[in-house]
Amino acid sequence: MKEFLERLSQKLLEQAPQLAFVITESQNKRYPSMQLLEKELYPFRTSLVELYARSLVRDENERIDKLKEWGEEAGTEFAKYQTITLDMMLREVPNYRNIIGTVLKHEALAADVSAAQMYDLISLLDSTVNDVTYFFSVPFVRYEKEVLKLSQTLITELSVPIVSINDETAILPLIGTVDHDRALILQERVLQNAANRQLEYLIIDLSGLQTTDTFVAQQLFHLFDALCLLGINPIVSGISPAIAQTMVNLGLSFGRIRSFATLKQALDYIEH
């Protein structure tokens, strides 16, 4: 069996360029956008066929190590291409299984291997295909999660902009919802920004806020207290009937914090 696997491995190594070409043609028809990266994808596919070929004659530990090493490198590299998705790459898996499986079947029939040996051979191929899929997907998914986390951070940071009116006054429009991550950035970024500008007034406009619950109210009052400690006067605008009713139901009051129904009213108060 060992000699047969070595001949089979060599056969696949010799045919790797042709098999990679067939897979490339198939994928280009399915995903025309892949043609733009054909120069990068064709060598990748050739090397993958060669990886399958060499896996046939490696012991289990070496086979896993090589597949993991290849998957980490290839998955990380191709995750960076915006025109390629993990779904597109995984759609190639049946191509390798079918094309390489066909070569194995013809060679096995020619060598008159037993049914048991044929079963072992197919099991080895299936195991290798599954391992390739897993080791390629892990860094690909990890990279996409990192990009998503970075995007969420940037979006969250942009969701607490401070708009200057003059040297002493600025507006913080709160739009959407306030979750835990945004609340942390709200406390850190807003306080630092307001202190650096040496503001006298900071208007927190709530007209774009979607929800006001206990958590949101708590974060707002923490912000008010911190601003007061810095010598900055917090003023609240955009108090809608819904927000007012929510505050009443929660038993909360702005107390010494000035509040207004509209931003214009808040600005008029500061000017006068």
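Values quoted throughout were computed directly from the atomic coordinates according to the rules given, and no laboratory measurement underlies them. In this text the structure is predicted, and so the values were computed from the model without any measurement. Ideal geometry is used to build each Cβ from the backbone, glycine not excepted, and the neighbour counts take in all protein chains shown.
Between residue 207 and residue 90, the distance separating the two model label sites (each 7 Å from Cα on the Cα→Cβ line) works out to 4.6 nm. On C-alpha positions alone, give me the angle between the axis of helix 115-158 and the longest principal axis of the chain, in degrees, nearest 10. Orientation of helix 115-158: about 20 degrees from the principal axis.
Taking 7 Å steps out from each Cα toward its Cβ at residue 66 and residue 114 produces label points 2.6 nm apart.
FRET efficiency for the pair residue 82 and residue 137, taken as 1/(1 + (r/R0)^6) with r the Cβ-Cβ distance and R0 = 22 Å, rounds to 0.75. Computed extension gain for residue 165 through residue 254, at 0.36 nm per residue and net of the alpha carbon distance, reaches 29.7 nm.
Net charge around residue 200, counting only other residues with Cβ within less than 9 Å of its Cβ (Lys, Arg = +1; Asp, Glu = -1)? Here the charged neighbours net out to -2.
The distance from the alpha carbon centre of region 165-189 to that of region 1-56 is 54 Å, rounded to a whole number. In terms of its C-alpha gyration tensor, region 223-272 comes out oblate, because a/c is 1.5 or above while a/b does not outweigh b/c.
Each residue of region 236-246 was assigned a 3J(HN,Hα) from its phi angle through the Karplus expression (A = 6.51, B = -1.76, C = 1.60, θ = phi - 60°), giving 9, 10, x, 6, 7, x, 5, 5, 4, 5, 4 Hz with x at Gly and Pro. Using the Cβ-Cβ distance between residue 42 and residue 123 with R0 set to 30 Å, the FRET efficiency from 1/(1 + (r/R0)^6) comes to roughly 0.55.
Remark on residue 259: its backbone amide H falls under 5 Å from those of 236, a criterion applied only to residues 5 or more positions apart or on other chains, H modelled at 1.01 Å from N.
Each residue of region 161-173 was assigned a 3J(HN,Hα) from its phi angle through the Karplus expression (A = 6.51, B = -1.76, C = 1.60, θ = phi - 60°), giving x, 9, 9, 6, 9, 7, 5, 9, 10, 9, 10, 10, x Hz with x at Gly and Pro.
Cross-link check: pairs 68/149; 2/39; 11/145; 29/149; 2/66 evaluated at a Cα-Cα cut-off of 28 Å; pairs beyond the cut-off: 2/39; 11/145; 29/149.
Taking the C-alpha atoms only, the angle from helix 214-229 to the longest principal axis of the chain is near 60 degrees.
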